[in-house]
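S.K.: Pasting in a structure now, in structure tokens, and then I'll have a few things to ask.
The values are calculated or read from the model by the stated rules, or taken from the named source; none is laboratory data. These figures come from a predicted structure and were not determined experimentally. Ligands, DNA and RNA are stripped out before the accessible areas are found, and what is left, the full protein with its side chains, is counted by its heavy atoms. Shrake-Rupley method; radii C 1.70, N 1.55, O 1.52, S 1.80 Å.
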Amino acid sequence: MFVFQKYAMEQEIKELKIECDATFEVSTQMKADADMVMQENQTLESKNEELQTALEGEKGKVKTLEDKVKKLQTTLEKETKGKNKAENEVVSVTHKLNKLKDAKMKVDSSLVEKT
């Protein structure tokens, strides 16, 4: 009976060793997978930092362009106001010139009548 128990125990030890080896293989593969995932994560974090830096740079460029647009709009508004003012002045001077021409014609016609 002792031989039978010894054989049974040896069989159980063999089965446990096989199970242990299989578990070790699975855990080794899981560790390798985890290491690979960690490496990918670090790569993605680095890429994310690069993209964040690039985004900040692009935001700076956009801000600079927005400032330039505002300056150009302000300049355009000033020039438009100046142009409108000049046009109004031209209209006013033209109106005065026309009045002077009318007055000259009246004077000329009155001089012609007197002669």
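S.K.: To test your reading of the geometry: what angle, between 0 and 90 degrees and rounded to tens, separates the Cα axis of helix 2-114 from the longest principal axis of the chain?
M.R.: Helix 2-114 sits at roughly 0 degrees to that axis.
S.K.: Sticking with this one: Can you give me the Kirkwood hydrodynamic radius for the chain, using every pair of distinct Cα atoms, in Å to one decimal?
M.R.: Hydrodynamic radius (Kirkwood, Cα pairs) of the chain is 24.8 Å.
S.K.: Further, regarding this structure: Compute, for Thr53, the solvent-accessible surface of its heavy atoms (probe 1.4 Å) with the complete set of protein chains present, and express it in square angstrom to the nearest 10.
M.R.: Looks like 100 Å² after rounding.
S.K.: For the chain, set up a Gaussian network in which alpha carbons nearer than 10 Å are linked by springs, and say which option among Lys31, Lys96, Lys81 fluctuates the most.
M.R.: Lys96
S.K.: Shifting gears a bit: Can you show me the helix-derived [θ] at 222 nm for the chain, built from DSSP H runs with n ≥ 4 at -39,500 (n - 2.57) apiece and divided by the number of residues, rounded to the nearest 500. Walk me through the numbers before you get to the answer.
M.R.: Details: 1 runs with 113 residues, N = 115.
Rounded to the nearest 500, it is -38000 deg cm²/dmol.
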